[in-house]
Amino acid sequence: MEPESDDIMETPRPLVALAAEYFSGEILDFHNHSRAQLLYASLGVMTVETHKGIWVVPPFRAVWVPPRLNHKVIVSNHISMRSLYFRPEFCSNTPEDCCVVSVSPLFKELILAASKMPRLYPLNGPEERLIAVLIDHIQQMDITPLNLPIPKDPRLKAIYGHLDENPGDKRTLEEWGREIGLTRRTLTRLFLSETAMTFGQWKQQIRILKSLTLLAEKEQVTTVAMEMGYDNPSAFIAVFKRALGKTPSKYFSDE
């Protein structure tokens, strides 16, 4: 995967939209754009990483990336990607940081329609009116909690590295403290300082984000629950619904 060229960013239109297919394991390394970007995957799951953390983007959601923010895109499985690039002056009321947003049926159709338009779409016609409606939509995006702060402290990063590979690990904060040579109190303070979350909240968020990728690959809920360290599917479903407002099956339905 290669970043989009500068000539695309310099197109004399408020918005430029591109469509592309990517496959499991593809990575677009750290880069940034002069325009704000909305990345939408109508199929599959992708992860966006910045210096602050990671954002997991399942189907029917999109990720907002502000202008000049260095970010990396990791493809978990085959995705049909739509990339929309907005000139900064049309994004005055949009989030200042990376975030995952909900995509309503209307928002989805606007994104898909824009991605089929030529870069130099005609002005003063239906294409320009469609873009105006799309710009209105990005001013009112609903943010969803699909991000994970990545700690900078090397001791906490070691814990993150392990849980990223083994999200079902059930070690407590005390057990981790003994392993890395810190008291429970110090470790608690470090997690709050570096992630603004307790260890329990942070570990649960890792599990939620990891489960999204597996569920998008059509893994059974029971299998995902066991892999995430839950004693039974009901416990996992309850945590998932409490975190995201819907059960896994409802979350992945085409709303």
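Just a few scattered comments:
- Of the strands (runs of 3 or more DSSP E) lying entirely inside the stretch 34-76, those containing at least 2 residues that are under 24 Å from Glu89 (Cβ atoms), within 9 Å of the chain's Cα centre (by Cα) and assigned by TED's automatic domain parsing to the domain that holds Glu96 span 61-65.
- Filter result for Leu173 (under 15 Å from Ala158 (Cα atoms), aliphatic (A, V, I, L, M) and out of contact with any helix residue (DSSP H, G or I) (no Cβ under 6 Å at 6 or more places or on another chain)): no
- Cβ-Cβ under 6 Å pairs, at least 6 apart or on other chains, the stretch 68-89 side under 15 Å from His137 (Cα atoms) and modelled with pLDDT of 95 or more, far side acidic (Asp, Glu) and in a strand (DSSP E or B): none
- Taking residues in the stretch 138-163 that are without any contact (Cβ under 8 Å) to a residue 40 or more places away in the chain, and partners anywhere that are part of a helix (DSSP H, G or I), the pairs with Cβ atoms closer than 7 Å and at least 6 places apart or on different chains are Arg155/Ile180; Leu156/Leu190; Leu156/Phe191; Leu156/Glu194; Ala158/Ile180; Ile159/Trp176.
- The set of residues in the stretch 84-95 that are touching a helix residue (DSSP H, G or I) at 6+ places or on another chain (Cβ under 8 Å) and either in the same structural domain as Ser211 (by TED's automatic domain parsing) or more than 30 Å from Glu194 (Cα to Cα) (or both) comprises Leu84, Tyr85, Phe86, Phe90.
- Residue list for the stretch 126-151, filter: assigned to a helix (DSSP H, G or I) and within 22 Å of Ile54 (Cα to Cα): Ile138
- Among the residues of the stretch 169-223, the ones that are over 28 Å from Pro59 (Cβ atoms) and polar (S, T, N, Q) come to 6 in all.
- Odd one out for Glu194, checked against (1) touching a Pro at 6+ places or on another chain (Cβ under 7 Å); (2) without any contact (Cβ under 8 Å) to a residue 40 or more places away in the chain: (2)
- Among residues of the stretch 6-29 that are in the same structural domain as Leu130 (by TED's automatic domain parsing), those with a beta-carbon under 6 Å from a residue that is hydrophobic (A, V, I, L, M, F, W, C) and assigned to a loop (DSSP other than H, G, I, E, B) at least six positions away or on a different chain give the pairs Glu26/Met1; Leu28/Met1.
- Subset of the stretch 161-202 [touching an Asp or Glu at 6+ places or on another chain (Cβ under 7 Å), over 22 Å from Lys52 (Cβ atoms) and modelled with pLDDT of 95 or more]: Gly168
- Single unsatisfied condition, Ile111 versus (1) touching a Lys or Arg at 6+ places or on another chain (Cβ under 7 Å); (2) assigned to a strand (DSSP E or B): (2)
- Residues of the stretch 211-221 that are within 30 Å of Glu174 (Cβ to Cβ) and without any contact (Cβ under 8 Å) to a residue 60 or more places away in the chain: Ser211, Leu214.
- Cross-chain or 6+ apart pairs with Cβ under 6 Å, the stretch 180-191 first and more than 16 Å from Pro151 (Cα to Cα), then among the aliphatic types (A, V, I, L, M) and in a helix (DSSP H, G or I): Arg184/Leu173
The values are calculated or read from the model by the stated rules, or taken from the named source; none is laboratory data. All values derive from a computational prediction rather than experimental measurement. Neighbour counts run over all protein chains shown; Cβ positions are idealised from the backbone, glycine included.
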